[in-house]
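No lab work stands behind these numbers, since they all come straight from the coordinates. What you see is a predicted model, and the numbers here were worked out from it, not measured in a lab. No Cβ is skipped: glycine too gets one built from the backbone with ideal geometry, and neighbour counts run over all protein chains shown.
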Amino acid sequence: MTTFFQLVVSGITVGSIYALVAIGFTLVYRASGIFNFAQGEYVMLGGMITGILMTTCGVGFVPASLVAILVTVAIGAISYLLAIRPARSAAQVHLLIITIGISVLLRGLTSALLGKDFVRIPTFVSPETFNIGGVVIQSQALLVIAGAMAMASLLWLFLTRSFVGKGITAVSANLMAAKLVGINPAAIVALCFGISACIGAVGGLVATPITMTSYDAGTMLAIKGFSAAMLGGISSAAGPLVGGLLIGLFEAFGAGYVSSTYKDAFALLILLGVLAFRPQGLFGNRSTQRV
Amino acid sequence: MLTKALQNPFVSTLAVALIVVALPLVVGSNFHIRLATMVYIFSIVVLGLNLLMGYAGQVSLGHAGFFILGAYSVALGPSQLGLNPWLSMAGGVALTSALAFVIGRPLLRLSGYHLAMATLAFGAIVYVFITNEVDLTGGPDGMQVQRANLSVLGLSHLMSWYWLAGGFLVLSMLILSNLLSSPAGRALRALHDSEVAAGVLGIDVARAKLMAFVISAALAALAGANLALLDGHITPAAGGILRSVELLTMAVVGGLGSLVGSVAGAAFLVLLPQFLTEFHDYEHAILGFLLVVIMVMLPLGIVPSLNAVMRRWLP
Amino acid sequence: MKRTLTICAATGLALILSGQVALAEVKIGAVVSTTGPASFLGEPQKQTLELYVKELNDKGGINGEPVKLVLYDDGSDANASRTFATRLVEEDRVDAVVGGSGTGNSLAMIPVFEDAQIPYVSFSGGVEIIDPVRKWVFKPPHTDLMACQKIYEDMKKRGISKIAIIAGQGGFAKSMEKQCKRVASNYGISILMSESYGPRDSDVTPQLNRIKASTGVQAVLNPDIGQGPAIVTRNFHQLGMGAQLYLSHAAATSGYLKAVGSDANGALLPAPSLLVAEALPESDPLKKVLTGYKTLFEKSTGKEADAFGGYARDSFLLLADAMKRAGTKEKTAVRDALEATKGFLGTVGTINMSPTDHLGIDLSSFKMLKVVDAKWGIAD
């Protein structure tokens, strides 16, 4: 039984990290229909900038993390305005390639400017671990889980309760009508890129004490986050959160009970199975899918 | 007139064939011949991907999986089954096509990003398998591939594969040109514009998509086998997830819905890194930057965008 | 007048075009993985090569000719390594080549250098690079097989016979795992379990839990590179595993120690003496070589030197030494001189090549290290 609960703990920890990436994906997708491949890079930047500022410049955690969030948000918004918006009339797959280009650019710049070593942020909660009936839990993991929950709830509140959030729904539902009632779609989408970059950077901050990070950490995160978003469904706020946690749990149970070598394949097979029966994802809603 | 001719798939096939024949007369260096060969090899996969994406409108992030299956079939055929490398190549293409046929039906019920996810999962599973079955595949360090070439015709190993890859490329373009001007091809194009409308017109949408999927998988396997035989050594990194992303990028950058665009996209991404080595640490940053700039300046991809420009300026 | 000018200009142009002939220099090619999964190996190797080329040129080069380094990054992709190998041979017309951060990269390049008959010194660990011996290929680094043997000898000494392996899925990890499994029985070691984790996994508690739950495992061996060993070490510590933790020589980096701190206390690993150079007796002839490399690398990069950068130093200087002894950069003479290398002091130990041995080092060049108070120490 201890083993079972230890696997659950591991799965939820790892899954929360995937969920944080997936939540960022969802917001941009909701506003623009774009899958932003650079979402993983935002997570990497949040961790890298904070870690470098703390270890090499001796800056404290709070100012370092604020700088990291601000820089990442600026990168998110600017990359939308300079690279994606000018091509907004192009097909979805063309915009996907632009975001791939942005992710290659960010990875390349990070390696050139911040170096290629892996970076760790010291755990900022203590004690480092605690033990409940033989199950070991990292304190930092609780923070990651709380972070994912908080981000998912805030996203939901933001989309359904705030004026801007309603604007996003309006822009994605009917662009022309949204313009007519005085909503500026460029500002709305730029804001969404900024917020999703912020979600990514915060995710990087809380996760890096566990995962460590380096300039090339973003790709794998983007792929896992993409899987999480697809499994959960991208048209609801709960989708990416549940999708992320499930992928994490599948991997943990795959590693614990099936084969650690094929745990990723195990998780992907379940995902394929789910997509076969519910192509829109677990929480997806067919009608809001963009054509 | 000129622009119209350039859009004709048979004309572009002829143009590519002329380049393949003329290039060895111009360049002598083995390095340049190798680069050209790699451009041909990647063009073959991208052609298939273009048929699937540009004509049938289905996005795949898993074609590196088919590519690597083709590559390992020429590595494993001779070493495990004692087969002749040429036979292994044919067998690999056939088996990969059969696999695509089997998984194609359920996969293609998905569309858009969901199909991209499902194909990505397929590619990742193939990659994990090849990386971890060390006793069979040699694991991440890869395995040797038995040498096969046209030395009986007095050609060096490299030149053999230059001609073979170039020949396969022209042949693939010819087959696709024929396909696209046949009723099946017109059905595919109708699909891209609107699946619903195509269905109403009596086109078997599922069958048309499946055909494009199987052809693209076969071309990917053929290209993979060519690469493995050219190099004489193959590692799983040749077909990882990043390779799928790269192939997709080649197809889009070159231009969806244009056969010669596939060749242009492959050439762009094979050759560009060779020019960027001067920049050392900033190599990747510049590659990403150029990718963004190209896609913003030429939003339809290199070939269709240039075509549009030419249409405006030429009669 | 005009005509003379034209002739002058043409002659000048011809001189520039034939620059390779006019400017005598030793061209050394290098292909390393400074990006991609193997960049943990390739980056210090690149930095080391650049340092030593500069140092050698400050001292007057090789045989009076300056050294020019032509270095390419293969992004950890063997197919790219091969393209760059062809470029070095055909375009840059180098006199010799070093590099190949990963075993797969080296293996993909070897046929190019064999066909072109160019001396090649590899940086990678795989034993298949020099076994069987290939005429033009040499390699000073320890093989992963040697790391396994060193670890098993240490296990025997401590009375450990039942172990579990937990390895990553990269080239280094898989290759070492394979070698360790192959020779385990020679040392009376039985491998009870074999677990794995994926690239960039951030948690391996499920795997370690399985090992913990099984009975009789006395030690856990983690062959891997990059952040994998750090994640394993931390989870190992957090779960309070009772077994002894063994790592590979790839964990012998400052990055690893910085990432895990005191969580690594008690872990054992084989490593070149480089990491404990200061602790060696003055009488040891290697001490000067090791501290020399350490000081040079750390002064100019601000980072701690590790085994992989050391491999680049050894390969490059081995080649330079052979060229000096041959008195020429002519390829066959350099190859013969490489094969005749005797008593060369490298960071991996004393290197003695022969026609039947293109590796040239033995197990004595590995030291068993133990992490004590988050620092390296020599194990008893």
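For this structure, a couple of remarks:
- Shielding of C:121-129 by partner chains, average beta-carbon count, 10 Å: 1
- Region C:150-200 and region B:41-105 have Cα centres spaced 35 Å apart.
- Selected from B:Phe122, B:Phe67, B:Phe279 as most flexible by GNM, with chain B as the system and alpha-carbon contacts under 10 Å: B:Phe279
- For chain C, the relative contact order comes to 16 percent (Cα pairs under 8 Å, sequence separation of at least 6).
- Of all aspartates and glutamates in the structure, the ones whose alpha carbon falls short of 13 Å from that of C:Lys157, not counting any fewer than 8 places away in one chain, are C:Asp380.
- Cα centroid separation, region B:140-179 to region C:230-283 (Å): 48 Å
- For region B:148-162, the Karplus equation 6.51 cos²θ - 1.76 cosθ + 1.60, evaluated at θ = phi - 60°, returns couplings of 9, 7, 9, 5, 4, 8, x, 9, 6, 4, 5, 5, 3, 6, 4 Hz by residue, with Gly and Pro reported as x.
- Loop-located GluC sites (Glu not before Pro) in region C:216-310, at most 14 other Cβ atoms within 10 Å (DSSP): C:Glu282
- Gyration tensor verdict on chain A (Cα atoms; rounded if a/c is under 1.5, prolate if a/b is larger than b/c, oblate otherwise): oblate
- Shape call, region C:144-271: gyration tensor on alpha carbons, a/c limit 1.5: rounded
- Residues whose placed amide H lies under 5 Å from that of C:Thr347, excluding near-sequence neighbours: C:Asp314
- Between region B:251-287 and region C:23-73, the alpha-carbon center distance in angstrom: 27 Å
- Filter on C:Lys303/C:Lys370; A:Lys116/C:Lys375; C:Lys294/C:Lys331 - keep pairs with C-alpha separation over 25 Å: C:Lys294/C:Lys331
- Of all the options A:Ile49, A:Ile223, A:Ile199, the one that moves most in a Gaussian network model of chain A with Cα springs shorter than 10 angstrom is A:Ile223.
- Taking the helices alone, chain C has a mean residue ellipticity at 222 nm of -14000 deg cm²/dmol, built from -39,500 (n - 2.57) per DSSP H run of at least 4 residues and averaged over all its residues.
- Proximal lysines to C:Lys162, defined as alpha-carbon separation beneath 18 angstrom and excluding residues fewer than eight positions away on the same chain: C:Lys150, C:Lys178, C:Lys181, C:Lys212
- B:Arg186-B:Leu272 FRET efficiency (beta carbon distance; Förster radius 45 Å; 0.05 resolution): 0.80
- The value of relative contact order for chain A, using C-alpha pairs under 8 Å at least six residues apart, is 36 percent.
- Sorted ascending by nearby beta carbons within 10 Å, beginning with the fewest, B:Trp161, A:Trp156, B:Trp86, C:Trp136 become B:Trp86, A:Trp156, C:Trp136, B:Trp161.
- The fewest-to-most ranking of C:Glu43, C:Glu128 by surrounding Cβ atoms within 10 Å reads C:Glu128, C:Glu43.
- Shielding score for A:191-202, defined as the mean number of other chain Cβ atoms within 10 Å: 0
- Distance violations [Cα-Cα > 25 Å] among C:Lys258/C:Lys299; C:Lys324/C:Lys367; A:Lys179/A:Lys224; C:Lys156/C:Lys287: C:Lys324/C:Lys367; A:Lys179/A:Lys224; C:Lys156/C:Lys287
- Residues whose placed amide H lies under 5 Å from that of C:Asn265, excluding near-sequence neighbours: C:Ala374
- Residue-averaged beta-carbon neighbours from other chains (10 angstrom radius) around B:50-59: 1
- Here the 3J(HN,Hα) profile of region C:214-231, calculated from phi with Karplus coefficients 6.51, -1.76 and 1.60 at θ = phi - 60°, is 7, 8, x, 6, 8, 8, 10, 10, 10, x, 6, 10, x, 8, x, x, 5, 5 Hz, Gly and Pro shown as x.
- Integer Hz, Karplus 6.51/-1.76/1.60 couplings in order for region C:201-210, x for Gly and Pro: 4, 10, 8, 10, 4, x, 5, 5, 4, 4
- Overall, chain B carries a charge dipole of about 940 debye about its Cα centre when +1 sits on the Cβ of Lys and Arg and -1 on the Cβ of Asp and Glu, all other atoms neutral.
- Modelled FRET efficiency - R0 41 Å, A:Met176 with A:Val8, Cβ distances, 0.05 increments: 0.30
- Rel. contact order, % - alpha carbon contacts under 8 angstrom, at least six apart, chain B: 33 percent
- Taking chain B as a Gaussian network of alpha-carbon nodes connected by springs under 10 Å, the highest mean-square fluctuation of the residues B:Leu120, B:Leu219, B:Leu256 belongs to B:Leu120.
- Counting every other Cβ atom within 10 Å of each residue's Cβ, C:Asp58, A:Asp264, C:Asp201, C:Asp362 order from fewest to most as C:Asp58, C:Asp362, C:Asp201, A:Asp264.
- Gyration tensor (alpha-carbon) shape descriptor, the protein assembly as shown, a/c threshold 1.5: oblate
- Taking amide H atoms as placed 1.01 Å from N in the peptide plane, the amide H of C:Ile225 lies under 5 Å from those of C:Ala173, each 5 or more residues away in sequence or on another chain.
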